[in-house]
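The next block holds one structure in the form of structure tokens; read it before the comments.
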Amino acid sequence: MAFTGRVTIAQILRSTEVDVAVTVKGWVRTKRGNKNVAFIALNDGSTINNIQIVVNPNDFPEELLKNITTGACLRVEGMLVQSVGSGQPVEVQAREIEIYGKADPESYPLQKKGHTLEFLRDIAYLRPRTNTFGAVLRIRHAMAYAIHKYFNDRGFYYFHTPLITASDCEGAGAMFEVTTLDMKNPPRTEDGAIDYSQDFFGKPCNLTVSGQLEGELGALALSQIYTFGPTFRAENSNTPRHLAEFWMIEPEMAFYELEDDMNLAEDFIKYLVQYALDNCADDLAFLEKMYDKELTERLRFVVENDFVRLDYTDGIEILQKSGEKFEFPCDWGCDLQSEHERYLVEKHFKKPVILINYPKEIKAFYMKQNEDGKTVRAMDVLFPKIGEIIGGSEREADFDKLNARVEELGMSKESLWWYLDTRRWGSAPHSGFGLGFERLLLFVTGMSNIRDVIPFPRTPKNAEF
Ligand code: ATP
Ligand code: MG
């Protein structure tokens, strides 16, 4: 069978057929050779692997060959043959070459030499063309697909929650306001406050920090749902683990208690990691070689070992007895910093940890209260290198308890009335969690900065491209 239609380099390299005509299209990675033969490494992003084009310089105009430089885009027609060289199984003997787009070596920033990740962030509009970002972005795609597959295979429904929301009480993070009011001269009420009744939605609105509250409405009707969409937090913390715009996966399940929630979270992450090992081997091998020598070992370790499940109170005791000097010392009641989470995971247990039963003061209002009156049924999944990768809980299903907590915290019932109503009619035990998609990708790719696992990162003072 000859290749027909548009064929990717990945398809050609997978094929066992040789001595057939092929057309390949892609971008030049390198060109080398002498006056008798030239070798072009061509890549089209379908795989980390290049296809080698063998060119007899005597068959082509000098002007054309001169313009085949790193970054130029080509169409090559020729014969696919067994490679005589050692680096690759097959290669293409060029018969015809067309240059779709030149790339002047004087100005094209992505030359053959390796570039720092910092430099590549400044040219994020071009970095998908590098090996590193090709690998990361293909893995990103594979993980997105695996997430939908995991839930679909288990009877969960993909539920779309709004990005623009007026429920400002979730407390998960600082929010971006959405308004069409004239910022230089907003309408005022009699007492001088901004008159939001004249705003587009007739009230203050924000970009969502989490789809959870609406997700719960889905779970209390469809039993098992998940969301997978963008989330926005005006996090003014410049860390390698926070973005202002990130993607979150939030499953929410009726009839799940905390234990079921933990089981799902552990199974879900293991499935995704195994999926990457099974389907992204070439890209993982590249990232392992370039950035993280222990990458596949760490991925296998997560799949093969049970996560530790531990009470927050016991976790604090371990930290206090550790003798470690932490930047932020930690007593019962404190919110764990990344340094504490990583101590538990990397030094103490050397395994992923699910920490449960946190003090209610440091967790959200909707979490189910334990009998002790002090803690809630929260669970955070803590991972090596990352710290928190998942945050979840069993939700408070009892109207009176939830209502009392909302009052205690002085939250606005006017914007939460619909949420409280779910506990008035047909309330049910239910649980859920949120997995930060880019935190998962940090773990799976071994990259160390969250800006390098999303095509166009949004962080403080940075919204270019
Ligand atoms: P952290 O303490 O790390 O700020 P959080 O407690 O604010 O996290 P949650 O509100 O529980 O996180 O959100 C659920 C998940 O979303 C987190 O476990 C994490 O994986 C991810 N996440 C939270 N904030 C961000 C962010 N700014 N950028 C990327 N991912 C995030
Ligand atoms: Mg946060």
- [ ] Rank Leu272, Met411, Cys330 by how far each Cα sits towards the positive end of the charge dipole of the chain (+1 on Lys, Arg Cβ; -1 on Asp, Glu Cβ) and give me just the farthest.
- [x] Leu272
Task: Net charge, Ala234 excluded, C-beta distance under 11 Å - Lys, Arg +1, Asp, Glu -1 - done: -1
Open item on the list: Leaving out ligands and nucleic acids, and using a 1.4 Å probe, what accessible area per residue does the chain come to in Å²?
Closed with: 49
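Taking the Cα centre of the stretch 64-169 as the origin, how large is its charge dipole in debye, to the nearest 20, when only Lys and Arg (+1) and Asp and Glu (-1) carry charge on their Cβ atoms?
That gives the stretch 64-169 a dipole magnitude of about 180 debye.
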Open item on the list: Given the DSSP H assignment, sum -39500 (n - 2.57) over each helix run of at least 4 residues in the chain and divide by its residue total; what's the result at 222 nm in deg cm²/dmol, nearest 500?
Closed with: -8500 deg cm²/dmol
Task: Cα centroid separation, the stretch 280-332 to the stretch 389-441 (Å) - done: 29
TODO: Calculate what fraction, in whole %, of the accessible area of the stretch 86-168 sits on carbon and sulfur atoms when a 1.4 Å probe is rolled over the protein chains.
DONE: 51
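Roughly to the nearest percent, how much of the accessible area of the stretch 330-449 is carbon and sulfur, given a 1.4 Å probe?
Here carbon and sulfur together make up 47 percent of the probe-accessible area.
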Task: Amide H contacts under 5 Å for Tyr158, placed H, 5+ residues apart - done: Tyr226
TODO: State the dimensionless ratio Rg/Rh of the stretch 68-207 (Rg: radius of gyration of Cα atoms; Rh: Kirkwood radius).
DONE: 1.21
- [ ] Work out from phi, with θ = phi - 60° and the Karplus expression 6.51 cos²θ - 1.76 cosθ + 1.60, the ³J(HN,Hα) of each residue of the stretch 34-45, listed in order in whole Hz, and give x for Gly and Pro.
- [x] 9, 6, 9, 8, 10, 10, 10, 8, 10, 9, 10, x
- [ ] Rounded to the nearest Å, what's the spacing between the alpha carbon centres of the stretch 181-198 and the stretch 34-74? Just the number, please.
- [x] 62
Task: 5 angstrom amide H check on Ile390, placed H, neighbours 5+ away - done: Val381
Open item on the list: What does the charge count around Asn131 come to, taking other residues whose C-beta lies under 14 Å from its C-beta (Lys +1, Arg +1, Asp -1, Glu -1)?
Closed with: +2
Open item on the list: Placing +1 on the Cβ of each Lys and Arg and -1 on the Cβ of each Asp and Glu in the stretch 93-139, which of Ala135, Ile97, Ile123 has its Cα farthest towards the positive end of the resulting dipole?
Closed with: Ala135
Task: Rounded to whole Hz, the Karplus (6.51, -1.76, 1.60) HN-Hα couplings of the stretch 272-286, x for glycine and proline - done: 5, 5, 5, 4, 5, 4, 6, 10, 10, 4, 5, 5, 5, 4, 5
TODO: Roll a 1.4 angstrom probe over the protein heavy atoms and tell me the percent of accessible area of the stretch 275-327 that is carbon or sulfur.
DONE: 43
Task: Whole-number percent relative contact order across the stretch 1-125, with pairs defined as alpha carbons under 8 Å at least 6 apart - done: 23
Task: DSSP-assigned coil residues among GluC sites (Glu not before Pro) in the stretch 392-435, each with at most 11 further Cβ atoms within 10 Å - done: none
Task: Percentage relative contact order, the stretch 194-303, counting C-alpha pairs under 8 Å, at least six apart - done: 19
Task: FRET efficiency estimate (nearest 0.05) - Cβ-Cβ, Arg75 to Val37, R0 22 angstrom - done: 0.60
TODO: Read phi for every residue in the stretch 254-262 and hand back ³J(HN,Hα) as whole Hz from Karplus 6.51 cos²θ - 1.76 cosθ + 1.60, θ = phi - 60°, with x for Gly and Pro.
DONE: 5, 6, 9, 9, 3, 4, 5, 4, 5
Open item on the list: Suppose a student asked you for the relative contact order of the chain, using Cα pairs under 8 Å spaced at least 6 residues apart; what percent would you report?
Closed with: 13
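The values are calculated or read from the model by the stated rules, or taken from the named source; none is laboratory data. Here the structure is a predicted model, which is why all the values come from computation and not from measurement. Reconstructed Cβ throughout: ideal geometry from the backbone, glycine too, with neighbour counts over all protein chains shown. Keep in mind that these areas ignore ligands, DNA and RNA; they rest on the heavy atoms of the full protein, side chains included. Shrake-Rupley method; radii C 1.70, N 1.55, O 1.52, S 1.80 Å.
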